[in-house]
1. Under a 5 Å amide H to amide H cut-off, with H placed in plane at 1.01 Å, what residues pair with G319 once short-range neighbours are removed?
2. Using the Cβ atoms and a cut-off under 14 Å, what net charge is assigned to the surroundings of E130, where Lys and Arg are +1 and Asp and Glu are -1?
3. Which of the aspartates and glutamates could a cross-linker bridge to K328, judged by Cα under 14 Å and excluding same-chain residues fewer than eight apart?
4. Leaving out ligands and nucleic acids, and using a 1.4 Å probe, what accessible area per residue does the chain come to in Å²?
5. Could you pull out every whole DSSP H run in the chain that spans at least 30 Å of Cα extent along its own axis and averages -1.0 or higher on the Kyte-Doolittle scale?
6. Sum up the lysine pairs in the stretch 1-143 that clear both bars: alpha-carbon distance under 28 Å and a spacing of 8 or more or different chains.
7. Pop out the carbon and sulfur fraction of the accessible area of the chain as a percent, whole number, probe 1.4 Å.
8. Once label points are set 7 Å from the Cα along Cα→Cβ at both A331 and A379, what is their separation, rounded to one decimal in nm?
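The values are calculated or read from the model by the stated rules, or taken from the named source; none is laboratory data. Only a predicted model underlies this, so the values are computations on that prediction, with no experimental measurement involved. Note that each Cβ is placed from the backbone with ideal geometry, even for glycine, and that neighbours are counted across all protein chains shown. All accessible areas refer to the heavy atoms of the entire protein, side chains included, with ligands and DNA or RNA removed. Shrake-Rupley method; radii C 1.70, N 1.55, O 1.52, S 1.80 Å.
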Amino acid sequence: MTAPATEKKLHTLDPEDQQQWQEMRQLGHRMLDDMFTWMETIRERKVWQPIPAEVRNRLKSPLPEEAEGIEKAYEDFTRDVLPYPLGNPHPHFWGWVKGNGTPGGVLAEMVRATMNANVFGGDQSPHLVEEQVIAWLRQMLQLPATGSGILGSGGSTANLMGLTVARNAVAGLNPGRTGLLKIGKQMTVYCSAQTHSSIDKSMDMIGIGVEGLRHIPVTDKFEIDLDVLRKTIADDRAKGMLPICIIANAGTVNTGASDDINAIADICEREGIWLHIDGAFGALAAISPKLRGQVAGLERADSIAFDLHKWMYMQYGIGCTLFKSAEKHRAGFNQDATYLSHNTRGMATGGVWFSELGFELSRGFRGLKAWMSLKEHGAAKYRRLIEQNVEQAQYLAELVRKAPELELLAPVPLNLVCFRYVAKGLDEQKLNTLNQNILFDLQEQGIAAPTSTVLNGKFAIRVAHTNYRTTYEDFDRLVREVVRLGKELSGK
Ligand SMILES: *Cc1c(COP(=O)(O)O)cnc(C)c1O
């Protein structure tokens, strides 16, 4: 068969001539200017605003069959998308646990999109970059240089990867290969009642099931009760169950409490079970000499899951799982496919491939923004920012303690502050409703964006502080506004 006549025009997604490339370039420059202006002026806008009905409607319009062009797509973006995010880059955003992203990260994401590398394996520089990022993260957390790790989309996948390897390493037979039935016992995993819900999802996915997950009660500091933990493991063993893993929290999502990792590591060693740490944001406390004590024992973990898009402020989505044993990590994921075999020469070479260390085959080059950010700012800057966030959280806690109308609802070991407005003569239920309404008004008036949790039945306004744009005055204002709204809404 001969090639079709050359005059037949081929379809392509590229600009089609020099003129069109030039237009693309000009639009790109304009977009970059717009985006940096948007970031530079973010404080002038509200942290959050509701999405108008006409915008919602436009975001339900049918599939465009014919080209509208990139300029029109960008216009639609600036009109309907850019103004209505949750607002995590904003200095007044303290909801859930979310990072800001950085200006340098915008550029890193642009160049990574240009390379569009797939970092599954093979002999390519992006693979070496991700290995270097993992080595640097070990250094930052002061972990031994040996072991292995993998970058993933966030804390949830980081936990899932850690727990998958834990299950396969401890179960005796490799249930990843044999299936769960051959194990013949109920496997069990232990964590505190304050543990993040991503762990429940992981239990579901690795087949242990949420019923195999023991939520151990916590002390008044919201740390796992070690006596109950020991007793529960003993009881389960007596019933013929197979304890696999204890998950220690380095910074719980509700209050920032960290479990006693050293004590848990002792139990794990004695019991021959895996120590996994969910340190989504709290593991980063280890990079500061002032805060490291809170997560003492971190280096004893078999696996540690943490995010770079929370307390490393990087663009979504990037998380990491580090493993003490490279062999166990490698053995944790079963894979042998001829089309993915390693060769002795050419592209399909290199050491262990990332596709062999996790469940993703195709992997975006998410390590590039970490690599560029660490070069741009240096590790010392991250240490100072994390310490700054903790100092500011302590400052907010102090403002709450000093305000007679406010009540602090949990200790503040790290960067989370849970508090509420208290009005005399209101019962618990009315206080809960009142504080819920204060929170709604804060958000809807675009004043500030904390979120909430419930601690011992009390509705808490919850400030999770992983924001490098917040000033001390921002917290003065938050407290002022909560008190104002509290007075207004309670009619005092
Ligand atoms: C955020 C968080 C997670 C989940 O991480 P994602 O990046 O949102 O998937 C897990 N554990 C804790 C303690 C968290 O704060």
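1. Under 5 Å from the amide H of G319: G152, S153, G154, L308.
2. So the environment of E130 carries a net charge of +1.
3. D302, E356
4. 48 Å²
5. Passing helices, by number: 379-402.
6. 6
7. The nonpolar share, carbon plus sulfur, comes to 54 percent.
8. Inter-label distance under the simple model: 3.0 nm.
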